[in-house]
Amino acid sequence: MKLSLCRPKYYRVKKGQTLSAVAKAFGLPPRILAVENALKEELFEGQILTIPPCEGNLYTVQGGESKTLLCGSAENFEKKNKTACLYIGQTVVL
């Protein structure tokens with residue numbers, strides 16, 4: 001039997017919530033949530049966000065790691081994480 005996380009497709013932002021807090025609640029890096037919703041400014045109460053499906057595990061990048069080491073190739077890293085950037089302390093999807 002395989003268990004899977006049931007994740008809503010949409011989420012209404014509550015008063016005082018930040019992008020980081022919402023992303024963490026759904027097991028996503030903030031960057032993925034921001035890109036998916038074309039966010040250019042801070043969240044506001046009542047805003048409806050699309051919660052994208054996320055396949056993989058969250059990981060915090062350490063020194064000396066590369067996109068290829070983390071995801072098999074730079075292209076795979078960029079597709080999963082919706083960014084070409086990689087830096088120490090970044091939360092990424094593996």
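Which one of Lys14, Lys40 is exposed (fewer than 10 other Cβ atoms within 10 Å of the Cβ) and out of contact with any Pro (no Cβ under 7 Å at 6 or more places or on another chain)? Only one candidate passes the filter, namely Lys40. What residue, among those in the stretch 43-65 that are within 19 Å of Lys9 (Cβ to Cβ) and surrounded by 10 or more Cβ atoms within 10 Å (Cβ to Cβ), is farthest from the chain's Cα centre (by Cα)? Top of the filtered list is Gln47.
Summed over the stretch 42-75, the residues that are acidic (Asp, Glu) and closer than 20 Å to Gly89 by Cα give a count of 1.
Selection of strands (runs of 3 or more DSSP E) fully inside the stretch 39-94 by the criterion of at least 2 residues being within 16 Å of Ala25 (Cα to Cα), β-branched (Val, Ile, Thr) and not assigned by TED's automatic domain parsing to the domain that holds Ala25 returns 91-93.
Scanning the stretch 11-38 for residues that are charged (D, E, K, R) and either closer than 17 Å to Asn81 by Cα or assigned to a helix (DSSP H, G or I) (or both) turns up Lys24, Arg31, Glu36. The C-beta contact set for the stretch 16-27 (first residue more than 13 Å from Ile51 (Cβ to Cβ), second residue surrounded by 13 or more Cβ atoms within 10 Å (Cβ to Cβ), distance under 8 angstrom, 6+ apart or interchain) comprises Gln17/Leu43; Thr18/Leu43; Ser20/Pro30.
The values are calculated or read from the model by the stated rules, or taken from the named source; none is laboratory data. Since the structure is predicted, the reported quantities are computational estimates derived from the model, not experimental observations. FYI the Cβ positions are ideal-geometry reconstructions off the backbone, even for glycines, and counts take in every protein chain you see.
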